[in-house]
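Asks: Pasting a structure below so you can have a look.
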Number of protein chains: 2
Amino acid sequence: MSQENKAPAPEPSSQAKRALLEQFARVAKALAHPNRLELLEFLAQGERTVESLARAAGLSVANASQHLQQLKQAGLVASRRAGQHVRYRLADDDVVALLAALREVARRHLAEVDRIVEAYLAARDTLEPVPASDLLERIRRGEVTVLDVRPPEEYAAGHLPGAVNIPLEELERRLGELPRDREVVAYCRGPYCVLAWEAAGRLRERGIPARRLEGGLPEWRLAGLPVEVEKEGAGQG
Amino acid sequence: MSQENKAPAPEPSSQAKRALLEQFARVAKALAHPNRLELLEFLAQGERTVESLARAAGLSVANASQHLQQLKQAGLVASRRAGQHVRYRLADDDVVALLAALREVARRHLAEVDRIVEAYLAARDTLEPVPASDLLERIRRGEVTVLDVRPPEEYAAGHLPGAVNIPLEELERRLGELPRDREVVAYCRGPYCVLAWEAAGRLRERGIPARRLEGGLPEWRLAGLPVEVEKEGAGQG
DNA sequence: GCGACATTCAAGCAATCGATTGAACAAATG
DNA sequence: CATTTGTTCAATCGATTGCTTGAATGTCGC
């Protein structure tokens, strides 16, 4: 109808453009399911087997395997066989950066995110988190106790320098392990990982000054800050 | 079977976690289609009407409108009514950052991307692009001619300081507008926008020293570098 | 208010996706 | 070599997505 007096060809719209957009969409598609995002969050803590990931995410093994393969085909994760197990890991730290960008856009432009944080997370801990840039210096001065509330498997794969590992469910029982005269900074998997919010809240209820780290271990590592890894052969899996 | 000697509950797996992952997936889902990625690339150049976007992307208006609404619900774009038209724009520069992270992961981990660039884009221009950080200084010293090969509509919405606007299809005809004694740096919409690759290649075929800018206008703007905007009321549709 | 235009809505259909199930494959163990 | 354990494959089904078509809504110029 009106094509004649408009630009004749819409755009060069080259084959290349289309092909590239399809590749970018392929990556985005891999991110476009909550189960896969959760798997990526676990993988950002360190290498894990399919079974371990399935259990952690509450998925059947077959289902987890399929999701992992989609992630793999999108270049987001890599895998290697280790004996009977296949161990998956993030392809690269740039995946952590991509996830951070995704969360940031969601946080800033979806009111729903604020609502959820307010309703569920802020109920446990309303204090502002500690920026990673501040924390390293305070660790070196011995001013803080760093508390890693993730499961031991994830702690073993890498944690903040000098961090104490007390999974959330053992926190009350093992309060004695925390020095009383220093502030506690708790962290877990990422900025929205509920474990750290909950831990900080529970500690302060008991009179222990505690705050969350801003972000989790993957973000710390992405920022180039130092990470401690347990010795190999610690019988972790 | 083996549930008894493993962790009893897979994870806290709180309602909040699930709800947040669904929000993040919502954003990723909006990115997970090549047509929407293309619309975002156009929108990253500046505000545009539905009809203009549909034409540029080669979509029906109804189809473009639907995609734009998905982008809007994911918080990636915003819209306002301007007379008869509805004008869409990126919600924020953090969307440009997200797109950059997405492209970066695809480029580094999908061999297909390299293959496409080699086959289609590198055929036009094999030289390394000019980093944005270098270019600004050279612009100020008057050492380069900056060439914007996008359509006038996009140029008008914002362009590099002092850039000359010659759309690709007019390039041969308007070669005389380019000073002969300075290097030309061409740019268009982004790092994979074929216009700049093509322009640099054609200019060098004619003996004019020319290279591409690394990235396009949106990336330049995201880096906080200065952008010139045409005066309002320039009759730009 | 009435037409003209721009955009959105709603219905329908093909194609794709996600989860389940059971079988197939691979590596270690006896 | 047979068994066990861990992972992937293949088939299936319901749900969602993407595009088209035609109608409805909203805004401008008269």
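FYI, it's all coordinate maths here, none of it is from the lab. All figures in this text were calculated on a predicted structure; none of them were measured in a lab. Neighbour counts are summed over all protein chains in view; Cβ atoms, including those assigned to glycine, are modelled from backbone coordinates with ideal geometry.
Asks: Would you work out if the range A:11-152 is rounded, prolate or oblate? Take a ≥ b ≥ c from the square roots of the eigenvalues of the alpha-carbon gyration tensor; rounded if a/c is under 1.5, else prolate when a/b is larger than b/c, oblate otherwise.
Replies: oblate
Asks: Further question on the same structure: Hey, what do the phi angles of the range B:148-157 turn into as Karplus ³J(HN,Hα) couplings, whole Hz, using 6.51/-1.76/1.60 and θ = phi - 60°, x for Gly and Pro?
Replies: Once θ is set to phi - 60°, the couplings for the range B:148-157 become 9, 9, 7, x, x, 4, 6, 4, 5, 6 Hz.
Asks: Tell me, what HN-Hα J-couplings in whole Hz come from the Karplus equation 6.51 cos²θ - 1.76 cosθ + 1.60 at θ = phi - 60° for each residue of the range B:125-141, using x for Gly and Pro?
Replies: These are the phi-based 3J(HN,Hα) values: 8, 9, 5, 5, x, 7, x, 4, 4, 6, 5, 4, 4, 5, 4, 5, 7 Hz.
Asks: Compute the label-point distances linking A:ALA82 to its equivalents in the other copies; points lie 7 Å from Cα along Cα→Cβ; give nm, one decimal, shortest first.
Replies: Shortest to longest, the spacings are 5.6 nm.
Asks: How many nanometers, to one decimal and shortest first, lie between the label point of B:ALA119 and those of its other copies, if labels sit 7 Å from Cα toward Cβ?
Replies: 4.8
Asks: Report, for A:VAL229, each distance to the same residue's label point in the other copies, shortest first and in nm; define the point 7 Å along Cα→Cβ.
Replies: From this label point to the equivalent ones elsewhere in the assembly: 4.9 nm.
Asks: Say we join alpha carbon atoms closer than 10 Å with springs in a Gaussian network model of chain A; which of A:ARG202, A:ARG141, A:ARG26 then has the biggest fluctuation?
Replies: Judging by the Gaussian network model, the answer is A:ARG141.
Asks: Can you show me the helix-derived [θ] at 222 nm for chain A, built from DSSP H runs with n ≥ 4 at -39,500 (n - 2.57) apiece and divided by the number of residues, rounded to the nearest 500. Write out the running numbers ahead of the final one.
Replies: Working: 10 runs with 103 residues, N = 237.
Per the formula, -13000 deg cm²/dmol.
Asks: How well do other chains shield peptide B:40-46, expressed as the mean number of their Cβ atoms within 10 Å of each residue Cβ?
Replies: Working: counts 1, 3, 1, 0, 0, 0, 0.
For peptide B:40-46, the averaged partner shielding equals 1.
Asks: Taking the convex hull of the Cα atoms, report for the protein assembly as shown its projected area averaged over all directions, in nm². It would help to have the intermediate numbers written out before the result.
Replies: Numbers: hull surface 108.2 nm².
The number I arrive at for the protein assembly as shown is 27.1 nm².
Asks: Need one number: convex hull volume per residue for the range B:95-222, Cα atoms only, in Å³.
Replies: Numbers: hull volume 13.2 nm³, N = 128.
About 103 Å³ per residue, rounded to a whole number.
Asks: For B:VAL227 paired with B:ASN63, estimate the spin-label separation in nm (one decimal), with each label point 7 Å from Cα along the Cα-to-Cβ line.
Replies: Calculated label separation equals 2.8 nm.
Asks: Follow-up. Using modelled backbone amide H atoms (1.01 Å from N, in-plane), which distant-in-sequence or interchain residues come within less than 5 Å of B:THR145's amide H?
Replies: B:GLU183, B:VAL184, B:VAL185
Asks: Just grab the label-to-label distance for B:GLU137 and B:ARG174, each label 7 Å out from Cα along the Cβ direction, in nm (one decimal).
Replies: Between B:GLU137 and B:ARG174, the simple spin-label model gives 3.1 nm.
Asks: Search the structure for amide H atoms under 5 Å from the amide H of B:VAL77, placed 1.01 Å from N in the peptide plane, and list their residues when 5 or more places away or on another chain.
Replies: Sorted by chain and number, the residues that satisfy this are B:LYS72, B:ALA91.
Asks: Let me ask something additional. Taking amide hydrogens as modeled 1.01 Å from N in the peptide plane, which residues meet the under 5 Å criterion relative to A:ASN165, leaving out close sequence neighbours?
Replies: Residues meeting the criterion, in which the H sits 1.01 Å from N, are A:ASP148.
Asks: Here's another thing I want to ask about it. Taking 7 Å along the Cα-to-C-beta vector as the label spot, tell me the A:ARG89-B:ASP181 distance in nanometres, rounded to one decimal.
Replies: 5.7
Asks: Report ³J(HN,Hα) in whole Hz for each residue of the range A:71-77, in order, from the Karplus equation J = 6.51 cos²θ - 1.76 cosθ + 1.60 where θ = phi - 60°; Gly and Pro get x.
Replies: Rounded to whole hertz, the list is 4, 5, 5, 8, x, 8, 10.
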